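Take a look at the structure below.
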Amino acid sequence: SFVFIEDFSKAMSQAGSSQFQEVIRQELEYSMKVELDKILATAHSNEIEHTKKDLEGFKKLFHRFLQEKGPSVDWGKIQRPPEDSIQPYEKIKARGLPDNIASVLNKLVVVKLNGGLGTSMGCKGPKSLIGVRNENTFLDLTVQQIEHLNKSYNTDVPLVLMNSFNTDDDTKKILQKYSHSRVKIYTFNQSRYPRINKETLLPIAKDVSYSGENTECWYPPGHGDIYASFYNSGLLDNLIAEGKEYIFVSNIDNLGATVDLYILNHLMNPPNGKRCEFVMEVTNKTRADVKGGTLTQYENKLRLVEIAQVPKAHVDEFKSVSKFKIFNTNNLWIALSAIKRLQEKNAIDMEIIVNPKTLDGGLNVIQLETAVGAAIKSFENSLGINVPRSRFLPVKTTSDLLLVMSNLYSLNAGSLTMSEKREFPTVPLVKLGSSFTKVQDYLRRFESIPDMLELDHLTVSGDVTFGKNVSLKGTVIIIANHGDRIDIPAGALLENKIVSGNLRILDH
């Protein structure tokens, strides 16, 4: 009998790991269901419907999270995309535009991802309401661009904002400002999912409320949520009924993501007669973009691979500018009918991004997210278009803000274009130190934005202020050590200079 027991335990340990894991998975799912039911029970009658939808969506995501193991790509299967699957923008532009471009435009809807807060730039409220240029916010510029299109071509391109529970109230209040503009504006909300305790894998929320001390219990689950929440909102069906066929999706903080008529024409009137359901704009990597997701060929489909999915041993290879030359700008063109079809079949497959966070009180949580571009492999006849770098102009930090506020760009009908006076098409590399992180501190430190037309590189660190009409050229490095302060005087010209130490300008 002893031998039998030994064999039995050996057999159990061999089969056991997978069976045992399955038992644990089922227990975790059951515990999660119990907790979510408790949360749902606290909802008011007018909240039940959408809370239920949110929690159902979360349950699906949690189920998949428990099934998946390790990085979600097999590195050996990754291939370079075939030549014709990523088209150069010049080739698409060379086709020109048809006479009836207005009828093509009338099939388009512009969607902006508007779920983010301005916290990384020290601002409260939606990031889209931060002033970017001549008092205009990201949202103002977006509305101006679309209004300009509608007036120029006598069309009716609507703007759709995907808000999160963090940005919805503030955004809706501000929308009244555009009630007389020639743009119909619609909004829908991203799902609201519960953050889970990293140790127990259970939600930290005890009820549905998300104000006061409960704000940290919930999160918007990444922009991959667009497919389900757009569909669930009913807006997708309404737009299809109005004859709309494509959405152009981009981040609201990417000031380069304007409607491109050549790409739209390529979608609506494809040269080979076969329409693409999904187009991703990619652009060439520079050293600053080595972490961006890249398009690869994987099991005969185009697939977006993000750095988080890459096995550790291959991360350096993934970052190489020579092997993977392009990255995803998150400017996407997607067929509405395809979203509807795939959503109804529950066939949109996106990898789960596990995003660990530490809350103010020190609790470690994880939030499960997805990315909109990862769904490319679920669509038919997808295409990458390699666009000029000017279509990727994100403002993530005050260093980016300095560039777009400067004379490097001119503003016309809501669109920023690189000044013709700049001799080379790349933007300078700007690194502002921690004294500039918050927008209000940054604004206080510049009496006016310097002339940067001939600047290559700017590094500023410490307590530094700039007077009016300063010019920066070549490489400029300004370092005020701890306890020192540097005031760059009004009208100063700094060309290939390193400034350090203490420099106080006294008013006489």
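Using just the helices of the chain, give the 222 nm mean residue ellipticity in deg cm²/dmol: DSSP H runs with n ≥ 4 each add -39,500 (n - 2.57), and the total is spread over all residues, rounded to 500. Present the calculation step by step, with values, prior to reporting the outcome.
Details: 13 runs with 147 residues, N = 508.
Result for the chain, helices only: -9000 deg cm²/dmol.
Lys and Arg at +1, Asp and Glu at -1: add these up for the other residues within a Cβ distance under 13 Å of K124 and post the number.
My count for the surroundings of K124 gives 0.
When a/c reaches 1.5 or more, the comparison of a/b and b/c decides; with that in mind, is segment 66-196 rounded, prolate or oblate per its Cα gyration tensor?
Oblate.
For the residue pair S152 and S500, what label-to-label distance in nm results when each label sits 7 Å from Cα along the Cα-to-beta-carbon direction?
In this crude label model, S152 to S500 measures out at 4.9 nm.
Which whole-Hz ³J(HN,Hα) couplings does segment 298-304 yield from phi under the Karplus relation 6.51 cos²θ - 1.76 cosθ + 1.60, θ = phi - 60°, glycine and proline marked x?
Ordered by residue, 3J(HN,Hα) equals 8, 6, 6, 10, 5, 9, 8 Hz.
Based on alpha-carbon positions alone, could you give the equivalent ellipsoid semi-axes of segment 164-301 from the gyration tensor, as √(5λ), descending, whole Å?
Details: eigenvalues 205, 114, 56 Å².
Values for segment 164-301, descending: 32, 24, 17 Å.
How high is the relative contact order of segment 398-500, given as a whole-number percent (alpha carbon pairs under 8 Å, six or more residues apart)?
Working: 212 pairs, mean separation 22.2, N = 103.
With pairs under 8 Å counted, the relative contact order is 22 percent.
Using 0.36 nm per residue of separation minus the Cα-Cα distance, give me the extension gain between D360 and E299 in nm, one decimal. Let's see the in-between values first.
Numbers: separation 61, 0.36 × 61 = 21.96 nm, distance 4.28 nm.
Length difference between fully extended and current span is 17.7 nm.
Rounded, prolate or oblate: which one fits segment 398-500, using the alpha carbon gyration tensor with axes a ≥ b ≥ c (rounded when a/c is under 1.5, else prolate when a/b beats b/c, else oblate)? Walk me through the intermediate numbers first.
On the way: a/c = 1.92, a/b = 1.49, b/c = 1.28.
Note, shape of segment 398-500 comes out prolate.
Answer with a single label: of (1) 32.7, 137; (2) 25.0, 87; (3) 25.5, 101, which was calculated as Rg and Dmax of the Cα atoms in Å from the structure in view?
(3)
Any idea of the accessible area per residue across segment 75-391, 1.4 Å probe, to the nearest Å²? The partial results should precede the final answer.
On the way: 13420 Å² over 317 residues.
Accessible area per residue, segment 75-391: 42 Å².
Can you list which of the trypsin sites (Lys or Arg not before Pro) found in segment 312-367 are DSSP loop residues with at most 16 other C-beta atoms within 10 Å?
On the way: sites: K312, K319, K323, K325, K340, R341, K345, K357; in loops: K323, K325, K345.
Passing both the DSSP loop test and the Cβ count: K323, K325, K345.
How high is the relative contact order of segment 391-449, in percent, with contacts defined as C-alpha pairs under 8 Å that are six or more residues apart? It would help to have the intermediate numbers written out before the result.
Working: 38 pairs, mean separation 20.2, N = 59.
The value is 34 percent.
Kindly flag which residue pairs out of K91/K285; K93/K325; K312/K357; K274/K340; K59/K340; K198/K396 have an alpha-carbon separation exceeding 24 Å in this structure. Don't skip to the end; give the middle numbers.
On the way: K91/K285 20 Å; K93/K325 21 Å; K312/K357 21 Å; K274/K340 19 Å; K59/K340 21 Å; K198/K396 28 Å.
Going by Cα-Cα distance, K198/K396 fall outside the 24 Å limit.
Over the chain, calculate the relative contact order: mean separation of alpha carbon pairs under 8 Å at least 6 apart, over the residue count, as a percent.
On the way: 922 pairs, mean separation 76.1, N = 508.
Once divided by the residue count of the chain, the mean separation gives 15 percent.
Given H placed on each backbone N at 1.01 Å, which residues far from S471 in sequence or on other chains put an amide H within less than 5 Å of it?
D451, A492, L493, L494
Show me the ranking of peptides 185-198, 490-503, 251-264 by mean Cβ neighbours inside 10 Å, starting with the highest. Can you show the working numbers first?
Values: 185-198: 20.2, 490-503: 13.5, 251-264: 22.1.
Sorting 185-198, 490-503, 251-264 by mean packing, highest first, produces 251-264, 185-198, 490-503.
So if I take the centroid of the Cα atoms in segment 439-508 and the same for segment 112-186, what is the distance between those two points in Å?
If you average the Cα positions of each part, the centres end up 33 Å apart.
At 0.36 nm per residue, and after removing the present C-alpha to C-alpha distance, how many nm does the segment from T459 to R95 gain when stretched out fully?
Values: separation 364, 0.36 × 364 = 131.04 nm, distance 4.27 nm.
That works out to 126.8 nm of additional length.
Under a 1.4 Å probe, what is the accessible area of segment 398-500 per residue, stated in Å²?
Values: 5080 Å² over 103 residues.
Per-residue value: 49 Å².
Considering only DSSP beta bridges where both residues belong to segment 75-391, give the percentage that are antiparallel (nearest 5). Before the final figure, lay out each step's value.
Working: 31 of 54 bridges.
Of those bridges, close to 55 percent are antiparallel.
Just name one of L161, A94, F188: the one whose Cα is farthest towards the positive end of the charge dipole of the chain (beta-carbon charges, Lys/Arg +1, Asp/Glu -1).
A94
Run down the aspartates and glutamates and flag those whose C-alpha is under 14 Å from the C-alpha of K52, throwing out any fewer than 8 positions away in its chain.
Partners found: E35, D37, D207.
Roughly how big is segment 75-391's charge dipole about its Cα centre, with Cβ charges of +1 (Lys, Arg) and -1 (Asp, Glu), in debye to the nearest 20? Walk me through the numbers on the way to the answer.
Numbers: 39 positive and 34 negative charges, 131 e Å.
In debye, rounded to 20, segment 75-391 gives about 620.
Hey, any idea what % of the chain's accessible area is carbon plus sulfur with a 1.4 Å probe?
On the way: 12750 of 24940 Å².
The C+S portion of the solvent-accessible surface of the chain is 51 percent.
Share of antiparallel DSSP beta bridges in segment 398-500, in percent to the nearest 5? Don't skip to the answer; put the middle values down first.
Working: 4 of 27 bridges.
Expressed as a percentage, antiparallel bridges in segment 398-500 total about 15.
What nm value, rounded to one decimal, do you get for the distance between S17 and E344 when each label is placed 7 Å out toward the C-beta?
Here the modelled spin labels are 4.4 nm apart.
Could you tell me the center-to-center distance, by alpha carbons, between segment 283-320 and segment 353-376 in angstrom?
Value for the Cα centre distance between the two parts: 20 Å.
Can you pull the accessible area of I174 for me, 1.4 Å probe, Å² to the nearest 10?
Here the residue's solvent-accessible area equals roughly 60 Å².
Run the quick spin-label model on A308 and N412: label points 7 Å from Cα toward the beta carbon, then report their separation in nm to one decimal.
Each label point lies 7 Å from its Cα, and together they span 4.0 nm.
To the nearest 20 Debye, how big is the dipole of segment 415-508 about its Cα centre, given +1 on the beta carbon of each Lys and Arg and -1 on that of each Asp and Glu?
Working: 11 positive and 12 negative charges, 37 e Å.
That gives segment 415-508 a dipole magnitude of about 180 debye.
Gain in length, K438 to S31, computed as 0.36 nm per residue apart minus the alpha-carbon separation, to one decimal in nm?
Computed gain between K438 and S31 is 142.4 nm.
Give, as a single signed number, the net charge of other residues whose beta carbon lies under 15 Å from the beta carbon of K438, with Lys and Arg counted +1 and Asp and Glu -1. Before the final figure, lay out the partial values.
On the way: positive: K124, K127, K396, R444, R445; negative: D400, D441, D463.
Within the 15 Å Cβ shell, the charges total +2.
The values are calculated or read from the model by the stated rules, or taken from the named source; none is laboratory data. Only a predicted model underlies this, so the values are computations on that prediction, with no experimental measurement involved. Ideal geometry is used to build each Cβ from the backbone, glycine not excepted, and the neighbour counts take in all protein chains shown. Protein only, heavy atoms only, side chains kept; ligands, DNA and RNA dropped before computing areas. Shrake-Rupley method; radii C 1.70, N 1.55, O 1.52, S 1.80 Å.
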